[in-house]
Amino acid sequence: MRAFSTGYQSEVRFRSGDYWITGDMTLGQETEVTKQGGNSDPVRIFVDGDVVLGYDMVTSGFSPGQLFIYATGSITVRQFSAITGFLYADGLIITEYQVVINGALSAEEVQLAQETIVSYPSAIAPDLDYTPFCDPTGGTPATLIADWRMDEAGWSGTAGEVIDSSGNGNNATAQNGADTADVAPALSGDPGTCGYGEFDGVDDYLSVPGLSGTLNRTASMAFWIKTTQTGNSTAWSSPAVAGIEENGGADDIFWGWLNPQGRIGLTVGNNNTTVSNAQVSTGNWTHVALTRNHESGEYQIFINGALDSRGTTGTGIIGNGFSSIGRVENTSSSVALNYLQAQLDEVRIYEGVLTEPEVQAIFQARHPCSQSICPTGTPVPGLFGEFYNNMNLAGAPEGTRVDGPVDFNWGLGGPGVAGVGDDEFSVRWSGRLHITQTGGYRFQTRSDDGVRLRVDGDLVIDEWAPQPATNDTSGVVNLEAGQSYDIELEYFEEFIDSEIRLRWDAPGATSGFVPIPVGNANGTATGLYHCPGNRVDSYTLVHANNGVTCEALPVVITARDSAGNAVVPAAGTVVDLLADPVPDSGDTAWVGDGTYVFSGSENNFTAFLRQLSPAEVGLSVTDGTASGSSGPVNFADTGLVFYGDRSGGPLPNQVAGTEDLNPVIRAVRTDDETGSCEARVDNQTRTVQLGYECINPGSCRAGQTLSLASTFIQANNAGAGPAYSPVSLGFDDEGYADIPLEYSDVGDIRLWAQLSLPEEGEQPAVDLVGQSNRFIVKPHTLVVTDVQGAAGQSNPGGTGSGAGFVASGEPFSVRVEARNSNGAVTPNFGNESPAQSVRLELSELVYPSGGSLGNLGGAGSLTREDNGVALGDGVSWDNVGTITLEPRLVGDDYLGAGDLVEVTESDPVGRFYPYDYTLNGSTASDACGPFSYMHQAAIDLSYTVSARNLNGAVVSNYDDTTLAYAGTANPGYVAENDDAANGSELSGRVQAENEADWSGGVLTVTDSSAAFLRASNTRPDGPRADLQWGLTLMDSLDGRPMVDLDMNANTSGDCAAAGNCSAVALGDPLNLRFGRLRLNDAFGPEVVDLPVPFYTEYWNGSEFVRNVDDSCTRIPRDAINYQPTGDLVDDSNRTVPIGGGSTTGQYADLDGVGVNFSSSDADHYFTAPGEGNTGSFDIELDLTNRPWLRFDWNQDGDFLNDIQMPPANIGFGSYRGHDRIIYWREVLE
C-alpha cells in the first residue's frame, strides 16, 4: 500500500507475514496494534518513509521478536506508548516521555526522552529473519490493488457500478455502453469466472480514477481476454487494455497492446518489440499477466499461466496519468483514441511484480458466480426495520422503516417511530448482506441493552439480556465474493440509555471494526440490502365496477411487493376490510367479520361486499402497515351480472383459442320484499350490447377477436369506451342467457354489458348495466418456430453424419411464438406489465443416444419481440449432438393464471459439433534409447486430444466408443527433420495409430509400435537426427481446427510468426537411422577361438558405420540357423562337428529368447575345435521380423525384400570367401 494511517482509538490487527508500505505510516492516538492468529511467526512491516507511533499507542499479543518495524526514514514514538517489538530506522529514532520498548532500537541516531525504558531480549535478536528486506535480489511483494470480476448483471453508467472485489474500493464506472455478459465465460461452471465485460472497440471503456498511480511504476496486471482484434506495428497507434500516449513524446506506457500478428505486449516509450510469442487474437479466451519493474525496466509476459517472454523496456516512473480500462488515452485532446474491441474478465492490478507461481494461481482461480441479492424483485439499500412497543418483538410492529448503516445512539430518547416509546421497545432489522470480497469476517455489535445477530441463518452473537453499552464480537465468518447472505439483527431497550450499532472487521482491513455500509441502488456494492419481494408493500383489489343490491360483490385481494409482484404474507397477517360508507353503518357490509388472516401459503383471497341499497361504495384494505384501495362500485337494484356458470361465481381464467361453454349473463332485479335476486328479463330474446376491455396489456390488438354466444364483440382499450356490439341472447325463466366465451389473444380483460328496457306494465323503463370481474386469458402453448446460427445459417436438425449446425458453445438464435389452442399467434404476449417472458429448457438428447444432455446457456429469459414473439439470440449448448428444446414461461406462470396448457417440444436442433481440438500432452520416445531404426515398429508414441466447446470445456458426447457418435476426427501425422521444410518427403513415412477411438470427448493414443519407415525402394538416407513428428487432426465431417498449432513440416523458420502453422508438435524430436545387420565370413586356425564379426551399422550420410549406440538389438534364436545342426531354439545346435572335434558358438549375452547386442556388437565367436579338426559350415540369418536391419544383399535395388542374409561361412583351417558377400578377410591370431 502507498501510505497507512489510523485515527483516534483505532484497533489494527496483523496476521503473521510481511507488510510493505511505500509511503509514511502514522498510527493515531490510543491506537492498539494486536497480533491475530495463534502461530508464532513474526509480523514484519517495511515502511519506505517515516513512522509515527501516536500518543499512548500500545501493542498486544506480541512477544519479543514477533513485531518488526523498519523505516527508510525516521521513527517517532509519542509519549506513554508501550511497544513490544524491534524498531529499525535508516534515519532517527526518537522517543518521547515515558515510552516503554520491550525489544530493541537501531538507527543512525537514537534519541531517548526522560523515563524511556528499553528492555533488550538479546537471545531473540540473532534468530530474526530480515531476508525479505535485506536481500538485494528481492523486491516488494505484489499487493492486490484492484480486482474487477465484472460479474454484475449489467452496467448502466452509474458511478462505481463495476465493483472492485479486492476490498480497496477502487470501483470503476462503465462508459458509453460498455456492458456485461455471461453466456460464454473464460472458465465455465460455478465456480468459474462467471460474467465478463464487453467492449465494442468504438467508444466503450471503464473509468478508474487513479489507475495510472499504480500502473505508471512497478506493477503487474492480469486479465482474461477474448478478441480477434489486431493492432499496428507501433504501440502508440494500437488498441490496448490500458495506457497513455504522449503526443509527440515518449513519456508513455501501453499495457496489453496488440500488434498486427495479434500478439500482446507491454511497452514503455517507443519500443515496439516487447510482445508475446503467442498470439492472443484468436477469438478464444486467453489469460495474460504482465509485469514491469520501473527501476530495472524488466518486463514479463505470461500466457495461460506460463512465462512466454521477458526482456527490458523503458525505465522510470511515467509522468502522464490515465484512468481507463479498454482504451489508450492521449495527452492531446485532438487525437482520436484507440479503443479495445474485446471481452475482458478478472482484471487485476497489483503493486509490485508477480511471481510465476502467483501467476499460475491467478490463471487457475475460480470463484462462485454472483447470485441475485433478491430471488425476485430489485434489492433496496438498507435493512428493513420493524419497531415494536414491547421488549420481546411481540405482536404486530407499530411501524417500519429502512435503516442503514445501523449505527444509533438514541441516548435517553427512542427511535422516533410513531407508537414506540423511549423505553421498553424492540426492533428487528432484516435483509441481505452482499459481499464483494472473499475472506473471514468478524461481526461486532455495541448495544444497550440486549442483542442477537444472525448471519446466513447462524446465530453469531447472542446477548439477549439487559446490559450497559457493551461490545459483543463474533468469531470468524467465512463469506464468498459475489454471494449474498441473510442477515437479521434483533435488539431490545429496557430503561434509560438506548444504543445499537452493527459493525464488522472485513478481510484486509486495518482500521478495526467499522459500521457495515449500506448497499447501492444498482445492487452491486458491498453492504446491507433488503428485498421488497419478501415484504408486502401494498394490496390490489380486483372486482367489477357495477354491482347489484341483491347479491354480494366478489372482491379478489392480492398482496404485492414494491415491484408489483404477488407475494405471500407471513402467516398470521391480519387484513382489515374497509369501505366507504363504513361497513355496518348502514346498508354496507362485508360478509363475515370484516377481516382475513393469511395462513402463510397464499398471496390472495376473495372477500364479498354486500350493499343493500343503491349507492357508490369505495373499497380499501390494510394490515396496519401495507394497504390498498380501489375505485367506487356502483350498486343498483337492477343489472346484468356475469357468472362463470349457472351455479354462480366469477368468470374463471381462460385459455386463448379455447371456447368456454359455461359462462352466463343474468338480468336481475332486487325483490322489494325479500331483497333477493329475481329475473328482470325471462323467457325472451333480447339484443344485449356487449364489449370487452383490454386491461393488461392496455391495448387490444387489431385482428384479434373475443366471441360471446358465437358473436364477435367490440374491443376497448384500457380506460376507453365503452363501445359495444349487439348480441342476441335468449334469457330463460330464471333470467340466465348462455354466453360461450372464446378469446383469440392473451391478457387481463373484462366484459361489459348494457340492456335498455322500455316500460312494460308495472316495470318502469330501465337501463341494465353490468361488468364482469377481471380474468386472465393465457396462451395455450409456446412454439419454437425458427432456429438459426449467428451468421443466419438454418438449423438442419440432423444427426449422425448429417449436416452440422453450429459449434458447441457458439451462440445461436431461437424464435418462439406464443400461440392459442388453434395454433394462431397471440400478439399481445410480451406486452404485459410486467412483461411476460419465455425461457428455454433442454428437452431431449436426440443424438447420440445415451449421452449427456448438457447445459443450455443464454436461455433464462428471451427478448420480447412484437406480435407474440420472443427471441433468444445468445443461446448456446455446451455439448455435441442433436437436442430438442422446450419453450416455457419464466416462472411457469402467466399473470398469476398458472402454467401453459401444453408444452410443445421443438423439432431437433443440431447437429452441434466440436468448436476445436486441443492437444493435452504428448510424448514420443525413440525405440532404442537415443535413436530408432527406420522401419522399426517400436517407437513409443502417446498423446491425448480433447474435443472442446467454445469455452474450452470437453464435449463428452464426442464419443464413438460407447455413444456411436459418427464421423469423429482421425489423427494424421507429419514429420520434418532439422526444420528443413522436408515434410513432403518425410511425412508419409510416419506409421502410427490413425483410427483411435474417442471416449468422453477425449482421443487417447498409446502406440508402442509406431515407426518411421524407410523410403520406398530407394537407397539408404539419413540420418534424421532431429526428426520432429507432428499431429494433424482430420475432421472430414465438420472441418474443425486443432488449436495452438506450432509446426509446419513444409516450411522452415517460425511458423507462428509467419502465420502458417499446420500441425502440433508431438513430443521431443526423434533420432532416426537407416540400419543394417552385419554377419561376416570368418576363418582361422583350428587351435584358437574364432571371432565372428556380428554387429549393427547405420548410414551416416556417406557410408555405413558401427552403431555404437545400439544396445537394444536382439536376434531371436529361431532366426539363427547353423548348418547342419539347425536353429538355436535347441541350444545344443550351437555345437557344430568339425573334423573329429566340434566348435560351439558363443555370444556375450545369449538368453532364452535370443542374442542381445551391446554397443552394436554381439561379441560372437566359436570355440577352437582342436588341432587337426578343420572344416567349415554356414550360418543363416532370417530377418523376416527385423525389417529395419535388412539390406539390398541381392542388389535388385530393393532394400526391404531380402529377408535372408547371405550365409556367413565359418571355417577352421584354409578358407576362400563366398562370392556373394560384401567383403571377406582372413581372421588370424
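Descriptive notes on the structure:
- Separation of segment 809-831 and segment 1093-1151, taken as the distance between their Cα centroids, equals 83 angstrom.
- Highest-first packing order for the peptide set 811-818, 1206-1213 is 811-818, 1206-1213, based on the mean count of other beta carbon atoms within 10 Å.
- Spin-label model distance (nm) - ALA159 vs SER725, 7 Å beyond Cα toward Cβ: 5.7 nm
- Using bins of 10 Å that start at zero, the share of Cα-Cα pairs per bin across segment 677-743 amounts to 22, 43, 27, 9, in whole %.
- Whole-number D in µm² s⁻¹ for segment 781-912, Kirkwood Cα-pair radius fed into Stokes-Einstein, 25 °C, 0.890 mPa s: 165 µm²/s
- Compactness check for segment 916-1073: Cα Rg over 2.2 N^0.38 Å is 1.05.
- (1) 119, 44, 30; (2) 45, 39, 34; (3) 81, 51, 26, with the label sought being that of the calculated semi-axes √(5λ) of the Cα gyration tensor in Å: (3)
- Contour minus Cα-Cα distance for ALA1058 and SER756 (0.36 nm per residue): 99.7 nm
- Highest-first arrangement of 596-603, 1059-1066, where packing means the average Cβ count within 10 Å: 1059-1066, 596-603
- Gain on full stretching of the segment that runs from ASP786 to ASP56 - 0.36 nm per residue minus C-alpha separation: 255.2 nm
- Long-range amide H partners of GLU245 with built H, under 5 Å: GLU329, ASN330, THR331
- Least to most buried among HIS780, HIS530 (fewest other Cβ within 10 Å first): HIS780, HIS530
- A simple spin-label model places the labels of ASP456 and THR606 4.6 nm from each other, with each point 7 Å out along Cα-to-Cβ.
- Per residue, the convex hull volume that the Cα atoms of segment 753-806 enclose (Å³): 179 Å³
- Placing a pseudo-label 7 Å from each Cα along the Cα-to-Cβ vector at ASP873 and ASP978 gives an inter-label distance of 5.7 nm.
- Amide N of segment 507-546 lying under 18 Å from the label point, which is placed 7 angstrom from the Cα of THR622 along Cα→Cβ: 536-541
- Longest to shortest principal axis, alpha-carbon extents of segment 610-660, angstrom: 41, 32, 18
- Legend: ranking of residues THR674, THR863 from fewest to most surrounding C-beta atoms inside 10 Å; resulting order THR674, THR863.
- At an R0 of 25 angstrom, the distance between the Cβ atoms of ASN717 and SER629 translates into a FRET efficiency of 0.55.
- Ascending count of other beta-carbon atoms within 10 Å, so fewest first, for ILE749, ILE69: ILE69, ILE749
- Note on ALA964 and LEU337: with the Förster distance fixed at 60 Å, the Cβ-Cβ geometry gives a FRET efficiency of about 0.65.
- Diffusion coefficient, µm² s⁻¹, Stokes-Einstein with Kirkwood Rh over alpha-carbon pairs of segment 1077-1121 at 37 °C and 0.692 mPa s: 256 µm²/s
- THR355-ASP767 FRET efficiency (beta carbon distance; Förster radius 56 Å; 0.05 resolution): 0.05
Each reported figure results from applying straightforward, stated rules to the coordinates on display, with no laboratory input. Predicted model only: the values in this text are computed from it and were never measured. As a convention, Cβ positions derive from the backbone with ideal geometry for all residues, glycine included, and neighbour counts pool all protein chains shown.
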